[in-house]
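The values are calculated or read from the model by the stated rules, or taken from the named source; none is laboratory data. Values in this document were obtained by computation on a predicted structure and should not be read as measured data. Neighbour counts run over all protein chains shown; Cβ positions are idealised from the backbone, glycine included.
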Amino acid sequence: SSQQNQNNTIPRYVRVNTLKTNLEDVIDYLKREGFSYQGKASRLEDLDRLSGKMFLCDLHLKDLLVFCGKTDFHEHFLYKAGHIILQDKASCLPAFLLNPPPGSHVIDACAAPGNKTSHLAATMNNKGKLFAFDLDAKRLSTMSTLLLRAGVTCHQLANQDFLTVDPQSSEYKEVKYILLDPSCSGSGMVCLQDESSGAPSDPERLQALAAFQLRCLNHALQFPRLEQLVYSTCSIHAQENEDVVTFCLQQNPEFRLVHLLPEWPERGHEPLTHCLRASTVMTRTHGFFVALLERRPLPSEEIF
Ligand code: SAM
């Protein structure tokens, strides 16, 4: 029908901020406002049937609601009060998969503007320590506003190059989790893909980005108590994704990949099928890549 979205459009995703509210309360609030709750999506095509004020719970991620792509919440009370975060589904994957428990010490290495930081704080229930770094002072000040609105209190922001953060410092001795979402080509962002400019795949730029991403990843693995690291980009280029992870694992054999969400339809390029990819066609999101690395257990810890 004319109301159906096409397979190349992205719905509006709304993450419920559990630091301020919960899924049931947000659903009730929206129903009272005339939105029509359709239950939990059971397949991808359910998202294409959204129109007007209909909404669904997401197929894979808890605390994520899905609306028709035209829905705008920027002036909505729930957004202004920090009860909901407007964040693409793919960009919710890293914090959801890392899932640091309350009380843990976590680093967000390239954090601004902070949507993933606020998601990490929600999984930690604001308990523990969340060290967030970014090189860009202007983006960090946007981030302070965002975290304040979201009710995040367990963070410590630093305007610092992550590559200069000392893994041996006693401040980070309890850090077991790192989220690394470094600068990338942005080639997965649908608005950029539509541009016919050749810039996003400029080979020299891609090579420089991939070298930077690998340096960040290698640096992150130096934190002595690190157990799990999630690496993500909004790039569709293997050079910034599978290639970076492959080189890193060759250089750090004490780490291995975790097999992510078996039910997720789009996988990393062979042989890195433990990793996830996302795209408009397969997952109704922007283009994205996620890998989860974990430290191998010591031989004495292996179960026989
Ligand atoms: N994780 C963020 C979020 O979900 O809102 C988005 C991060 S964005 C993809 C990459 C960020 O890395 C930019 O804000 C950029 O300023 C920052 N950055 C680039 N080089 C950096 C470095 N060497 N150390 C720390 N941050 C860096």
*Filter segment 150-181 down to residues that are over 30 Å from Ala278 (Cα atoms) and part of a strand (DSSP E or B) and give me whichever is nearest to the ligand (Cβ to nearest atom).*
Ala158
_Kindly evaluate Leu120 against the criterion of being surrounded by fewer than 19 Cβ atoms within 10 Å (Cβ to Cβ), in a helix (DSSP H, G or I) and in the same structural domain as Arg267 (by TED's automatic domain parsing)._
no
*Please tell me if Cys184 is within 13 Å of the ligand (Cβ to nearest atom) and over 24 Å from Ser104 (Cβ atoms).*
yes
_Count of segment 133-171 residues which are touching a residue at least 12 places away in the same chain (Cβ under 8 Å) and under 27 Å from Glu240 (Cα atoms)_ = 18
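Results for (1) crowded, with 23+ Cβ neighbours inside 10 Å; (2) in contact with a His (Cβ under 9 Å, 6 or more places away or on another chain); (3) closer than 23 Å to Asp28 by Cβ; (4) of a type in the set (Val, Ile, Thr), shown as yes or no for each residue.
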| position | (1), (2), (3), (4) |
| --- | --- |
| Asp48 | no, no, no, no |
| Leu56 | no, no, yes, no |
| Tyr79 | no, no, yes, no |
| Lys89 | yes, yes, yes, no |
*asked:* Going through Gly103, Gly128, Gly114, Gly52 one at a time, which residue ends up being among the small types (Gly, Ala, Ser), more than 18 Å from the chain's Cα centre (by Cα), at positive phi and buried (at least 16 other Cβ atoms within 10 Å of the Cβ)?
replied: Gly128
*Is it true that some residue in segment 184-194 is assigned by TED's automatic domain parsing to the domain that holds His237, among the β-branched types (Val, Ile, Thr), modelled with pLDDT under 95 and under 23 Å from the mean Cα position of the chain (by Cα)?*
yes
*Test each condition in (1) in contact (Cβ under 8 Å) with a residue 12 or more places away in the chain; (2) more than 28 Å from Leu148 (Cβ to Cβ) for Leu65 and report the one that comes out false.*
(2)
*Which residues, taken from segment 266-281, are in contact (Cβ under 8 Å) with a residue 24 or more places away in the chain and either farther than 28 Å from Cys191 by Cα or surrounded by 15 or more Cβ atoms within 10 Å (Cβ to Cβ) (or both)?*
Gly268, Leu272, Cys275, Leu276, Arg277, Ala278, Ser279, Thr280
_Among (1) in a loop (DSSP other than H, G, I, E, B); (2) out of contact with any Lys or Arg (no Cβ under 9 Å at 6 or more places or on another chain); (3) modelled with pLDDT of 95 or more, there is one condition His219 misses while meeting the rest; what is its number?_
(1)
*Given the residues Leu147, Leu130, which is the only one that is of a type outside the set (S, T, N, Q), within 11 Å of the ligand (Cβ to nearest atom) and either assigned to a strand (DSSP E or B) or more than 22 Å from Thr285 (Cα to Cα) (or both)?*
Leu147
*Considering only segment 29-115, give the helices (runs of 4 or more DSSP H) lying wholly within it that have at least 2 residues that are away from the ligand (no atom under 16 Å from the Cβ).*
45-48, 77-80
_Residues of segment 234-255 classified as over 16 Å from Thr273 (Cα atoms) and of a type in the set (Ser, Thr, Tyr), total_ = 1
